[in-house]
Amino acid sequence: MAKVVVIYSGGMDSFTVLHHALKQGHNVYALSFNYGQRHVRELDAAATVCQQLNVPHKIVDITAINSLLAGSSLTSDIAIPEGEYEEDNMRSTVVPNRNMILLSLAIGYAVSIHAEAVYYGAHSGDHAIYPDCRPEFVEKMNAVSLIANYEPVRIEVPYLHCDKAEILAAGLAMNLDYSQTWTCYNGRTHACGKCSACTERLAAFATNHVTDPLTYESDVT
């Protein structure tokens, strides 16, 4: 049984990756990061899922890096944009160098626990806006990870060439309960249904002809 680290945000993509790694029979160690995102709803969801699955889980506070990484609407006092991911205004949701930082920390953790791979949930729907979710980045980060330590660690991105709907389809085939995830960029009681994360999530459920189990603000107004 291989030991692996899964970067687990608590969102639906990493939730699917987590279960994918478990279904492969791996000994999974989940790793979540508090990098100063506007809310901790995803992290709370991640903690609950890992507790239910009896998966070892660490939440690491790296909020100190925000003194270096300004300008993202996910961490700074900038309005969360609405609309589709492909639109230029979604660039405000980019946290500078986020995945390289998180992967580097996860690789270090993997080396320390003698894990052979780090999994994360980049997918094709992210390619237009997020450079650190593109195949070129993954390929080069994997190459560096294999030589950066005495113990080589692979970067595994099982849904790199899938869109959100395809990831959801894979999760539904595993009978996953997506009420255990949080996607909305706003951390209110109910998902807003208007931010780009909600829009993409709702579209994925519509494509799969199933109802999203989360409650949206429009459902309670």
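A short reminder: the numbers here are calculations on the coordinates, not readings from a lab. In this text the structure is predicted, and so the values were computed from the model without any measurement. So basically every Cβ, Gly included, is an ideal-geometry build from the backbone, and we count neighbours across all protein chains shown.
What is the sum of charges around residue 29, taking Lys and Arg as +1, Asp and Glu as -1, for the other residues whose C-beta is under 10 Å from the C-beta of residue 29? Neighbourhood net charge equals +2.
Summing +1 for each Lys or Arg and -1 for each Asp or Glu among the other residues whose beta-carbon sits under 14 angstrom from that of residue 55 gives +3. Between the Cα long axis of helix 12-23 and the first principal axis of the chain there is an angle of about 40°, rounded to the nearest 10. Taking the Cα centre of each part, how many Å lie between the stretch 169-211 and the stretch 24-56? Measuring centre to centre over Cα atoms gives 17 Å.
With contacts taken as Cα pairs under 8 Å at a separation of at least 6 residues, the chain carries a relative contact order of 22 percent. Here is how the number arises for the chain: DSSP H runs of 4 or more residues each give -39500 (n - 2.57), the sum is divided by the residue count, and the result at 222 nm is -11000 deg cm²/dmol. Dipole magnitude for the stretch 137-221: computed about the Cα centre from +1 point charges on Lys and Arg Cβ and -1 point charges on Asp and Glu Cβ, it is near 180 debye.
Given charges of +1 on the Cβ of Lys and Arg and -1 on the Cβ of Asp and Glu, with all other atoms neutral, how large is the dipole of the chain about its Cα centre, in debye to the nearest 20? Each step should come with its number before you reach the end.
Working: 14 positive and 24 negative charges, 113 e Å.
That gives the chain a dipole magnitude of about 540 debye.
Taking Lys and Arg as +1 and Asp and Glu as -1, the other residues whose beta-carbon sits under 13 Å from that of residue 147 total +1.
Taking only Cα atoms, what is the 0 to 90° angle, nearest 10, from helix 98-112's long axis to the longest principal axis of the chain? Roughly 40 degrees between the two axes. For residue 58 and residue 218, the FRET efficiency from 1/(1 + (r/R0)^6), where r spans their Cβ atoms and R0 equals 30 Å, is about 0.25.
Secondary structure note: in the chain, about 5% of the DSSP beta bridges are antiparallel.
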